[in-house]
Amino acid sequence: MSVYSVKGRGWRYDFTLRGERHTEAWFKTKKEAVQAEAKRRQELENPKPVEQQMTLQTVTEIPIGISFLELVNRRLDFVKAYKSEEHYKTNVYLARRWVRRWGEMGCRAITSDMIQQFLIERRRVSPYTANKDLRHLRATFNYGKKKKIIDDNPSDGIEFFPVERKIKHVPRAEEIEKVISFAEPDTQDYLRTINDTMARVGEINRLTWDDVNLEERYIVLYTRKKRGGHLTPRKVPMTQRLYEILKRRQSSRDKSHPWVFCNRYVDQKTGKQIVGQFQYRKTIIKTLCKKAGVENFTYHALRHSGASIMDNNSVPIGAIQKILGHENRTTTEIYLHSIGRTEQEAISVFERATQNSHTDSHTAEKTMGHPHTAHLN
């Protein structure tokens with residue numbers, strides 16, 4: 001089917017002619033998409049005379065090549081196929097702003113100055129926001145270069161804006177438990193599962209009963225945050241609390257659905273209840289933190305909190321790395337917000353040395369007498 005809709009985004013045409021793919025999005029109605037496809041087919045099947053093409057090229061001097069919209073759509077198709085759903089949603093959100101600005105332009109017509117100006121405008125929101133746009137724009141153009149559909153990346157050489165880095169708030173165990181206590185029972189199970197496994201939200205959302213081994217007390221988590229976008233498994237042992245949660249949920253589960261946590265909603269068009277994989281809900285924690293009177297934190301902070309607790313209790317960093325599912329040790333070290341034992345020992349040495357120095361100085365004064373009081377005797 002060459003014309004189709006994507007929920008929440010609109011209509012799109014996509015067809016192949018003479019071995020070359022042509023696509024454009026997002027149209028508000030199917031009729032607009034059909035008309036645009038027909039127009040594009042006509043242009044391709046009835047190309048302009050060579051003389052007219054040469055005149056156009058002489059006027060523009062720069063061949064347009066692939067459009068920026070086409071590049072973005074190809075990159076989004078790739079991200080959807082190979083990356084996580086959350087990563088895909090982030091790219092779609094950012095790309096809409098880029099397309100409004102450069103969608104009709106050819107990639108070769110987009111310059112570094114144009115991108116720099118765009119990023120300066122985005123910096124008014126925050127340096128972090130501008131840097132996020134730059135990272136994803138650079139990845140989009142690099143994708144085009146890798147696939148040999150463009151020659152240059154106009155974002156090369158553009159520097160990231162300096163940001164003010166702060167120590168992230170990592171909630172204490174009692175804060176986390178207080179926040180969870182304000183949630184509904186099903187949400188409590190969900191949050192405690194994330195907390196006790198230190199898993200990424202997406203890993204728990206895709207967790208199925210086939211991934212749960214109650215006999216040997218472990219679960220299997222899958223993540224795409226690996227090279228190549230492959231879903232990579234790892235085993236995480238259960239806490240006693242998690243074992244009891246999963247055992248209870250398994251005994252009362254609906255066997256027609258494979259997921260441990262299901263997303264239930266009513267379809268507005270049909271009025272039927274839909275059951276699917278649990279979806280990311282970023283407002284849950286924020287709402288619960290407000291109710292509990294606790295400083296706001298995110299799902300990801302639960303991973304940081306768990307890692308810091310294990311580090312404080314002398315768990316080897318290699319074990320922490322495996323539980324968190326990190327490929328690199330340096331990534332795990334970022335999660336360890338607690339002050340390390342080496343730093344604590346260094347400060348203790350400093351404290352003892354300064355105390356001894358102060359004591360020696362005070363003793364010497366008492367033995368020799370204060371120089372000013374000696375003249376008064």
(request) Would you mind listing the helices (runs of 4 or more DSSP H) fully within segment 78-174 where at least 2 residues are out of contact with any strand residue (DSSP E or B) (no Cβ under 9 Å at 6 or more places or on another chain), within 30 Å of Leu231 (Cα to Cα) and touching a residue at least 60 places away in the same chain (Cβ under 8 Å)? (result) 85-102, 127-146
(message) Being loosely packed, with under 14 Cβ neighbours inside 10 Å and modelled with pLDDT of 90 or more is true for just one of Glu164, Glu159, Glu175, Glu203. Which residue is that?
(response) Glu159
(message) Residue under question is Gly202, and the condition is that it be of a type outside the set (D, E, K, R) and in a helix (DSSP H, G or I); does it hold?
(response) yes
(request) Collect the residues in segment 39-66 that are at pLDDT 65 or above and either on the phi > 0 side of the Ramachandran plot or in contact with a Phe, Trp or Tyr (Cβ under 9 Å, 6 or more places away or on another chain) (or both), keeping them in residue-number order. (result) Arg40, Arg41, Gly65
(request) Considering only residues that are surrounded by 13 or more Cβ atoms within 10 Å (Cβ to Cβ) and touching a residue at least 40 places away in the same chain (Cβ under 8 Å), look in segment 212-231 and name the one that is farthest from Ile285 (Cα to Cα). (result) Gly229
(message) Going through Asn153, Asn195 one at a time, which residue ends up being in contact with a Gly (Cβ under 9 Å, 6 or more places away or on another chain), at pLDDT 95 or above and under 30 Å from Trp98 (Cα atoms)?
(response) Asn153
(request) May I ask you to list the residues in segment 160-209 that are outside the structural domain of Gln279 (by TED's automatic domain parsing), farther than 14 Å from Ala301 by Cβ and not acidic (Asp, Glu)? (result) Phe160, Phe161, Pro162, Val163, Arg165
(message) Just to be sure before I move on: is Thr331 surrounded by 13 or more Cβ atoms within 10 Å (Cβ to Cβ), farther than 18 Å from Ile194 by Cβ and hydroxyl-bearing (Ser, Thr, Tyr) in the structure I sent?
(response) yes
(request) Output the number of the condition that Ser252 fails; it satisfies all remaining conditions of (1) farther than 12 Å from Tyr190 by Cβ; (2) in contact (Cβ under 8 Å) with a residue 40 or more places away in the chain. (result) (2)
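The values are calculated or read from the model by the stated rules, or taken from the named source; none is laboratory data. Treat the numbers as computed from the prediction; the structure is a model and nothing was measured. Using ideal geometry, Cβ is built from the backbone for each residue, glycine included, and neighbour counts are taken over all protein chains shown.
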